[in-house]
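The values are calculated or read from the model by the stated rules, or taken from the named source; none is laboratory data. Source: prediction; values computed, not measured. Cβ placement follows ideal geometry from the backbone for every residue including glycine, while neighbour counts extend to all protein chains displayed.
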There are 2 protein chains.
Amino acid sequence: MNPEPGQIRPAVLLLSGGLDSTTLLALAVRQGYQIHALSFRYGQRHAVELEAARRAAARYGVARHLIVDIDLRTFGGSVLTSHGEVPRDRPLDAPGIPATYVPARNTIFLAYALAFAEVTGASDIFIGVNALDYSGYPDCRPEYIESFERMANLATRAAAEGRRLVIHAPLIRMAKREIIELGLQLGVDYADTSSCYDPAPDGTACGHCDACRLRLRGFAEAGATDPVRYAGHPTH
Amino acid sequence: MNPEPGQIRPAVLLLSGGLDSTTLLALAVRQGYQIHALSFRYGQRHAVELEAARRAAARYGVARHLIVDIDLRTFGGSVLTSHGEVPRDRPLDAPGIPATYVPARNTIFLAYALAFAEVTGASDIFIGVNALDYSGYPDCRPEYIESFERMANLATRAAAEGRRLVIHAPLIRMAKREIIELGLQLGVDYADTSSCYDPAPDGTACGHCDACRLRLRGFAEAGATDPVRYAGHPTH
């Protein structure tokens, strides 16, 4: 349910600075929510995406943008937070869970979002997960998001006092092509977004990790050109 | 289900260093689990409890004790993480959610425990929540814990691969008196634990916050003496 015209309805939005969450931000702003954006510095090797998150937050005039430091490197278990190699040119439809999976990442992110929602008085949390492109990530599936929402409605003071919390994941069943088409309609400037798992220090995308290749394939299918810079000759 | 004799069964245990989680640790060790303890430095004013957690972890020979820095002060919303006053001599059975409630705290703690369980290969997570003494905290209720467990079983690689995860909250329906009696049977040295929400820098308990008074009442009902030091004349 979108807010009524003229009504200020605060929402917490998980903003990585990537293509999906920036499209999500444009969508939630268009729907009339007052956005409290939440990003994480979690030891990811692609911290350049936080700069993209800052740019998006500024561009869309969010009410507040909080960057929380959490150290998932302590736990290990993912090449995204370690010195392992990010897989290059992997078949995009390979079965199983990719090495880039970070244990319980979305559960941790959503748990913080829940705390942030509680203190800002928000009843709405937006997350840009996508079940099609990341079918190997268990915490991107619709049944996971629904289950988190049920849990969240037992977890908080707000819920105990009868304010129902909704987790919005409007991109969850969309193909990358559809997300890009939606974003272009909404006027998203994709030059400002960062998706690469293994970018150069200046932000240049590698063009060979899963994230780059899903993105490039999405742009190709949408008949559009990806405006970000890639190193060498990207594949998709 | 306890581990078979001789079988090493790793478990993640949330250890605050308080009375409940130290009793929980003694219980899980007695049941034969190999413990991976997890504590948090979360901006709590009672950080002296982390020293108690370290002592308990050493005493019980845990396989690993991880102390994770998370900054819940960023969010605010609780006197435990702010400069607000911890309520003194409040009626213990007052209805409603106390000012010491920290938004989404157990959800954040359990989310980290889930990540830790995934990388250590543990299928068991122990949490010392108690629904009777903390009936005002929504995230201490049995239905909340059950809902988190259902969510967790959709969230992780382990779950996707068929390893079922169990959240153990064996103290959840026990009175403080019963927890203390159990701990004394297990040989817990309660002098080493710290429960106070507002201790002096040297660790002396205030004797007037909810946590002190629940603890003192529990010891009185168990016919035992609380060995920790209190400032002045505690009430219960």
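Quick notes on this structure:
Results for (1) of a type in the set (A, V, I, L, M, F, W, C); (2) modelled with pLDDT under 95; (3) out of contact with any Ser or Thr (no Cβ under 6 Å at 6 or more places or on another chain), shown as yes or no for each residue.
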{"site": "A:Ala200", "(1), (2), (3)": "yes, yes, yes"}
{"site": "A:Thr204", "(1), (2), (3)": "no, yes, yes"}
{"site": "A:Gly223", "(1), (2), (3)": "no, no, yes"}
{"site": "A:Gly232", "(1), (2), (3)": "no, yes, yes"}
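- When the stretch A:119-170 is limited to residues that are within 25 Å of B:Arg157 (Cβ to Cβ) and of a type in the set (Lys, Arg), the one that is surrounded by the fewest Cβ atoms within 10 Å (Cβ to Cβ) turns out to be A:Arg150.
- When B:Val188 is tested against (1) touching a residue at least 24 places away in the same chain (Cβ under 8 Å); (2) in contact with a Phe, Trp or Tyr (Cβ under 8 Å, 6 or more places away or on another chain); (3) among the β-branched types (Val, Ile, Thr), just one condition goes unmet, and that condition is (2).
- Within the stretch B:3-58, the set of residues being in contact with a helix residue (DSSP H, G or I) (Cβ under 7 Å, 6 or more places away or on another chain) and in a strand (DSSP E or B) comprises B:Pro10, B:Ala11, B:Val12, B:Leu13, B:Leu14, B:Ile35, B:His36, B:Ala37, B:Leu38, B:Ser39, B:Phe40, B:Arg41.
- Output for the stretch B:197-236, where each listed residue is of a type in the set (Asp, Glu) and surrounded by 22 or more Cβ atoms within 10 Å (Cβ to Cβ): B:Asp210, B:Asp226
- Residue match in the stretch A:90-104 (condition: modelled with pLDDT of 80 or more and within 9 Å of chain B (Cβ to nearest Cβ)): yes
- The single residue among A:Leu171, A:Leu184 that is modelled with pLDDT of 95 or more, more than 28 Å from B:Ala117 (Cβ to Cβ), more than 16 Å from the chain's Cα centre (by Cα) and not acidic (Asp, Glu) turns out to be A:Leu184.
- Given (1) under 21 Å from B:Leu171 (Cα atoms); (2) touching a strand residue (DSSP E or B) at 6+ places or on another chain (Cβ under 7 Å); (3) at pLDDT below 95, index of the condition B:Ile8 fails: (1)
- Scan of the stretch A:158-177 for residues that are among the charged types (D, E, K, R) and under 18 Å from A:Arg141 (Cβ atoms), ordered by number: A:Arg173, A:Lys176
- Selection of helices (runs of 4 or more DSSP H) fully inside the stretch A:105-208 by the criterion of at least 3 residues being within 11 Å of chain B (Cβ to nearest Cβ) returns A:105-120, A:142-155, A:157-160.
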